[in-house]
Structure formats: C-alpha cells, structure tokens
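The values are calculated or read from the model by the stated rules, or taken from the named source; none is laboratory data. Since this is a predicted model, take the numbers as computed values, not measurements. For neighbour counting, all protein chains shown are included, and Cβ atoms are generated from backbone atoms with ideal geometry for every residue, glycine included. Accessible surface is based on the protein model in full, side chains and every heavy atom, while ligands, DNA and RNA are left aside. Shrake-Rupley method; radii C 1.70, N 1.55, O 1.52, S 1.80 Å.
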Amino acid sequence: NFYRRAYEEGLCKFGNDYALGLRWLRHLGFVQVSTNPVLAARAYDDEPGLWEKFKRYAQTILVREHPEWFKDPQAHADDLAMEATRFALMDNFLVFRLPFVLSGYRDGLVSYQLNPLIANDASKSIEAVKVFVERLERDLAVYDEYLWWGYRVPEKGRPNVVIKVAAAYPAALEIVERINAMGVGQNITLSYTVSQEVLLGVAAMRGMARAVKRGIIPTQTYDTNMGGRLEDHLREVVASQMLFKSLEGRDERTKRQT
C-alpha cells in the first residue's frame, strides 16, 4: 500500500492518534502514535474489557506495590490516573517494539502526555517522566526477553516513548533538555511559532549531546506545529467580530423604525 511504500522509500512517515493497539496500522507502514489523557480515557469506552483488566491488575499488582494509593485514593488520584493511562497504552508500546528497536530508536514511538496541570513545573514534570519511564521499562524488559529470545539487542526494556511537552511554558526548555539527556525523546506540543521551535530544538540537541557523552543512544524527537489551530482560532475571532458588527447595525435600524 501507499503508506508502507512511502515509508520504505524515505518519502515520509505516518502516525495516528489513538490509545489502543494499532497492529493493523503498523502493518500498513504507520510507525508512530500520539495519545493524550482524553484518548486514553476513551480507550476504556472503546474496549469494554479493558476496565475489568485494569481492575484485576490494580487488585493483584498495584495494591501490593502501592497500598497507600488505595487507603487514600483521592490523595493519589494523579498516580492512579497515570497508571490507568499507561495500562491503556500498553498495547501500543508492545505493537511498536519491533520498528522501535530495528530502526535504532527512530520509529515505533508512542507520544505520552503528562498531567497537563504540572506542565509549567519543570521539577514535577521531570519527576513524573522518571516514574512513568521506570514503570514502563520494568514491563517492557519482561516482554523483550520473549520478543528478542536468541537475538542481541542494545537495550532490552528501553521504552519506546516520547513525552509531550507544552511549548507554551518557559519550563519546557528545561524539561526538554533534561529528558533528552536521559535518552527520552519529546514531542513538542502547543507550538505555534518558529522561535518556539528553534529554542526547543536547540534545547533538545543539548540534551542529546549530554546523553551521547554518557553513552546513551538518543531517541527520535518531534515538534508538532499547531499553526493550523491558531489560524482556526483567529478565524473564529474575526467571524465573531463581523457578527457583532452586523448586529450593531441591525440594532440601529430597529431603533430608527420604532
């Protein structure tokens, strides 16, 4: 099909926005998937059995590893939400393991969005990345033992994840540099201008350079330009101004008639 041929010939790459397993699309040549909390939550609606699977996982694994979460769920709501999101995305991580490792960490990536409420806090965001990556690495290491049985791969368990980082906050510069230094790529989101892209691109390269010095192979990074969204918003603003102006003229005509 066209998608696979375009990818194999180096013309472009294709991705998709969804939170469940995309094995069929991977066979078509898709090598990336973007997710967010809304899509992860929708996965539980689209796959009726997913919620029951997560409940069993929570009752057998999480309650043993983190009993404090269940003694006071409200206080640990963010932790539970992160784990529920990770659980919903696991199919994608597994589906894209092959292209991730075989491409040298350039393809097969899953974009994961951190809690948007801490996007402006570098320290909290980086700590959340560490926690998420550590949990993911633990599960993928077990999966890779079976997937790569008899094969030599550089790093078993290396997470095929890039973190969505909101360019709207100054903290994004620090977050991008530090996570790339860890070998974790990023997907810049809420990016509207060239200046944002350049500054964050340079920060990412600084982080990659630090990773290489430490012997870590960098992960592919992304910058999602959202100029189209800004254009849509400006179009709505202009349309509303035109509407209000026309209504003002109508009010004047109504007054003259009465």
Q | Carbon and sulfur %, accessible surface of segment 23-64 computed with the full protein complex present, 1.4 Å | A | 58 percent
(Q) Can you tell me, using C-alpha contacts under 8 Å and at least 6 residues apart, the relative contact order of the chain as a whole percent? (A) 14 percent
Q) Assigning unit charges at the beta carbon (Lys, Arg +1; Asp, Glu -1) and nothing else, what dipole magnitude in debye, to the nearest 20, does the chain show about its Cα centre? A) 400 debye
Q | For the chain, with +1 on Lys and Arg beta carbons and -1 on Asp and Glu, the positive-most of LEU80, TYR18, ILE126 along the dipole | A | TYR18
Q.
For segment 22-139, take N as its residue count and report Rg(C-alpha) divided by 2.2 N^0.38 Å.
A. 1.12
Q. Just going by the charge dipole of segment 133-258, with Lys and Arg at +1 and Asp and Glu at -1 on Cβ, which of ALA204, PHE244, TRP149 is farthest out on the positive end?
A. PHE244
**Q.** For the chain, with +1 on Lys and Arg beta carbons and -1 on Asp and Glu, the positive-most of GLN186, PRO48, PRO218 along the dipole
**A.** PRO218
Q) Any idea what angle helix 194-213 forms with the longest principal axis of the chain, computed on alpha-carbon atoms, 0 to 90 degrees, nearest 10? A) 10 degrees
Q. Considering only protein heavy atoms, what per residue accessible area in square angstrom results for the chain with a 1.4 angstrom probe?
A. 58 Å²
Q) By its C-alpha gyration tensor, with a ≥ b ≥ c as the square roots of the eigenvalues, how is segment 118-258 shaped: rounded for a/c under 1.5, else prolate for a/b larger than b/c, else oblate? A) prolate
Q) If MET182, MET242 are ordered by their accessible area, calculated over protein heavy atoms with a 1.4 Å probe, which sequence runs from highest to lowest? A) MET242, MET182
Q: For the chain, would you read off the P(r) tail past 31 Å as a percentage of all alpha carbon pairs?
A: 34 percent
Q. Expressed in nm to one decimal, what extension gain is obtained for the pair GLU65 and ARG4 from 0.36 nm per residue of sequence separation less their Cα-Cα distance?
A. 17.8 nm
Q | Fraction of accessible area attributable to carbon and sulfur, segment 122-258 (%, probe 1.4 Å) | A | 58 percent
**Q.** Rounded FRET efficiency, nearest 0.05, which uses the C-beta distance separating TYR143 from ARG56 and R0 of 22 Å
**A.** 0.75
Q: Take the chain, connect every pair of alpha-carbon atoms lying under 10 Å apart with a spring to form a Gaussian network, then pick out the residue of TYR151, TYR105, TYR44 with the largest mean-square fluctuation.
A: TYR151
Q. Extension gain LEU28-ASP46, at 0.36 nm per residue separation less the Cα-Cα distance, in nm?
A. 4.3 nm
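Sort 152-165, 134-147 by the packing proxy (mean of other Cβ within 10 Å over each peptide's residues), most packed first. Don't jump to the answer; show the numbers that get you there.
Working: 152-165: 19.6, 134-147: 14.6.
Put in order of decreasing packing, that is 152-165, 134-147.
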Q: Kindly state, as a whole number, the per residue volume in cubic angstrom of the convex hull around the alpha carbon atoms of segment 101-189.
A: 83 Å³
